Amino acid sequence: MPVRIKVKNAETGASVEMELETENTIDEVIESAATFWSKDMGAYVLRKGKKVLRGGHTLKDAGVREEDVLELIPDPEGG
C-alpha cells in the first residue's frame, strides 16, 4: 500500500513529495532525495521530528506514515 510523504531539504527549505511503498528503505528515500537535489547521498540522513532514521530500515519499521514530513539533514556523525 503506497504512502505519500514529503521530504524537506533542511538546508534550503525546498521540499519534494514522494509516493513510496512501506517496504521501501530509508536509504532509498535518501538516495531519491539526494539525487533530486544533486547531493551526495552518503552525507545525509533523514529526520522525523527529533528522531534520526537510519538507512536499512523500511518506512514501515521506521514508523513513517501517510503525509509525514521527513527532513533531509547532513549526517550529524559526518557520513
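Quick one: count up the residues across region 1-26 that are free of Cβ contacts under 8 Å to residues at least 40 places away in the same chain and open to solvent by less than 70 Å² (accessible area, probe 1.4 Å).
Summing the residues that are free of Cβ contacts under 8 Å to residues at least 40 places away in the same chain and open to solvent by less than 70 Å² (accessible area, probe 1.4 Å) in region 1-26 gives 9.
Residues checked against (1) modelled with pLDDT of 95 or more; (2) assigned to a helix (DSSP H, G or I):
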| site | (1), (2) |
| --- | --- |
| Val29 | yes, yes |
| Ser38 | yes, no |
| Gly42 | no, yes |
| Glu67 | yes, no |
| Leu72 | yes, no |
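Given the structure, is Gly63 part of a loop (DSSP other than H, G, I, E, B) and modelled with pLDDT under 95?
For Gly63, the condition - part of a loop (DSSP other than H, G, I, E, B) and modelled with pLDDT under 95 - is not met.
The values are calculated or read from the model by the stated rules, or taken from the named source; none is laboratory data. Being a predicted model, the structure only gives us computed values, none of them experimental. Note that each Cβ is placed from the backbone with ideal geometry, even for glycine, and that neighbours are counted across all protein chains shown. Note: accessible area is taken over every heavy atom of the protein model, side chains too, but ligands, DNA and RNA are not part of it. Shrake-Rupley method; radii C 1.70, N 1.55, O 1.52, S 1.80 Å.
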